[in-house]
Amino acid sequence: MADRVTVIGWDGSPLNRAATAALSAATLVAGAAHHLALPEVPHSAERIRLGSIDLAARRIAGHRGSAVVLADGDPGFFGAVRSLRAPEHGLEVEVVPAVSAVATAFARAGMPWEDAQTVVAHPRTLRRAVNVCRAHHKVAVLTSPGAGPAELALLLEGVHRTFVICEELGTTREQVTVVTSDKAADHVWRDPNVVIVIGGGPERRADGAWIAGRHPAYPQGVRGWALPAGAYRGDGPPPAGESGEGESPGLRAAQLAHLGPRTGDLVWDIGSGSGALAVEAARFGAAVLAVDSDRDACARTAAAARAFGVQLQVVEGCAPHVLERLPEPDVVRIGGGGVPVVTAVADRRPERIVTHASTRDEAEALGAALAENGYTVACSLLQSVELDTSAWSERERSVVFLLSALRSDLAP
């Protein structure tokens with residue numbers, strides 16, 4: 001095992017005394033080509049071009065002497081430190097940090113970033129990184145080859161964002177470019193780069209902010225989940241009548257519990273109605289596509305999103321045909337449309353689907369369609385009674401069949 005392992009962050013600034021001392025004593029140095037070209041790297045040291053951190057860690061573990069790993073930015077922030085400290089390598093490391101690439105990117109843009117989400121985009125995680133960009137106003141994306149600005153832009157088709165693309169930060173080739181997301185795919189961008197993705201509405205004030213990367217997604221004075229449908233009307237037109245069984249808070253709470261929307265997910269809410277479920281899914285941090293054939297319902301959903309300060313995309317159209325052009329969902333709530341819509345959704349293979357029925361016959365038909373398409377189905381009869389507490393008399397009753405479906409290859 002190496003006698004000493006030092007991880008040095010590099011941000012283009014001159015190396016400090018601790019970094020130069022570690023390099024002067026190094027018998028092995030690992031890093032990218034521009035790191036190995038630094039004049040402080042001893043000519044006598046063994047050099048490793050850093051590709052796979054795990055491969056380099058195995059080489060370092062078998063080396064006798066002092067090893068140094070050079071990495072861009074802060075190596076403890078989505079960097080080499082976590083991999084080098086993995087139990088299978090048995091390495092104890094000392095760290096000399098530098099300014100992270102994210103902090104540098106926001107500094108170049110002249111923007112605050114305590115309210116920003118930060119994600120790492122690899123080809124295998126690109127879709128989830130894009131979903132975070134759909135759901136949040138300000139996101140820093142640490143990209144990789146095959147999951148860069150162009151790929152982000154292509155997957156954000158139909159969602160307008162501004163990209164601040166920071167290429168090769170800290171080098172003489174550093175460049176900062178501001179483009180709209182629809183133009184980013186037209187260019188070839190140099191690696192490494194960081195993309196700041198901004199948009200979806202005005203930037204919210206962070207007065208009194210106390211936690212990084214988050215804003216409470218509710219207006220002043222509002223607390224809780226499964227609020228009455230009327231709480232989501234915002235500045236949109238009021239519904240023509242009662243909200244109906246599909247909009248009851250109890251059913252909505254049960255649907256959200258079965259869906260489990262989370263950061264990185266894309267939720268389809270088909271038949272968004274008042275926008276209540278779409279907004280609550282967005283408040284969990286998920287990206288949401290709210291679909292409805294009724295223009296007034298689309299307006300209500302957009303107004304509710306503005307009132308609660310969440311990002312979501314409203315799509316006006318009739319299911320199942322409108323679903324063909326939508327990006328792949330993780331979880332789906334179906335508010336109506338019967339067996340044809342359920343079948344069309346199942347064909348897209350989301351992890352979870354929830355829907356409801358007003359009669360047992362309808363529930364059996366929907367359940368059979370889900371099962372035939374490879375889902376494990378559960379059904380519950382939900383009854384809720386709202387009471388007028390001034391007289392303790394029944395005010396409103398809701399009885400509905402709730403169907404939840406999990407893709408069979410994921411079922412326990």
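The values are calculated or read from the model by the stated rules, or taken from the named source; none is laboratory data. Remember, predicted model here, so these are calculated numbers, not experimental data. Because the Cβ atoms are built from the backbone with ideal geometry, glycine has one as well, and the counts that use them run over all protein chains shown. To get the accessible areas, we keep the full protein, side chains included, count just its heavy atoms, and leave off ligands, DNA and RNA. Shrake-Rupley method; radii C 1.70, N 1.55, O 1.52, S 1.80 Å.
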Could you give every pair whose Cβ atoms fall below 8 Å, whose first residue belongs to segment 337-366 and is touching a residue at least 24 places away in the same chain (Cβ under 8 Å) and closer than 30 Å to R397 by Cβ, and whose second residue is open to solvent by 50 Å² or more (accessible area, probe 1.4 Å) and outside any strand (DSSP E or B), counting only separations of at least 6 or pairs across chains? G338/E362; R352/H258; V354/H258; H356/E245; S358/E245; A365/V339; L366/V339
Within segment 67-89, identify whether any single residue is farther than 25 Å from L142 by Cα and in contact with a strand residue (DSSP E or B) (Cβ under 8 Å, 6 or more places away or on another chain), and answer yes or no. yes
How many residues are in a strand (DSSP E or B) and open to solvent by 20 Å² or more (accessible area, probe 1.4 Å) when one looks only at segment 145-178? 5
Looking only at segment 51-99, how many residues end up being polar (S, T, N, Q) and without any contact (Cβ under 8 Å) to a residue 40 or more places away in the chain? 2
Would you check which residues across segment 22-52 are in a helix (DSSP H, G or I), buried (at least 19 other Cβ atoms within 10 Å of the Cβ) and in contact with a Leu (Cβ under 8 Å, 6 or more places away or on another chain) and list them? L23, H35
Residue among E280, E247 that alone is open to solvent by less than 10 Å² (accessible area, probe 1.4 Å) and either touching a Ser or Thr at 6+ places or on another chain (Cβ under 7 Å) or touching a residue at least 40 places away in the same chain (Cβ under 8 Å) (or both): E280
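The rows are residues; the columns are (1) over 23 Å from L126 (Cα atoms); (2) modelled with pLDDT of 95 or more; (3) in contact with a Pro (Cβ under 7 Å, 6 or more places away or on another chain).
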position: V322; (1), (2), (3): yes, yes, no
position: P327; (1), (2), (3): no, yes, no
position: D330; (1), (2), (3): no, yes, yes
position: R333; (1), (2), (3): yes, yes, no
position: R348; (1), (2), (3): no, yes, yes
Yes or no: segment 158-174 includes at least one residue that is within 30 Å of L70 (Cα to Cα) and of a type in the set (K, R). yes
Among strands (runs of 3 or more DSSP E) entirely inside segment 335-412, those with 3 or more residues being more than 24 Å from G275 (Cα to Cα) and out of contact with any Cys (no Cβ under 6 Å at 6 or more places or on another chain) are 375-388, 393-407
For Y375: the one exception among (1) in contact with a Ser or Thr (Cβ under 7 Å, 6 or more places away or on another chain); (2) aromatic (F, W, Y); (3) within 29 Å of L154 (Cα to Cα): (3)
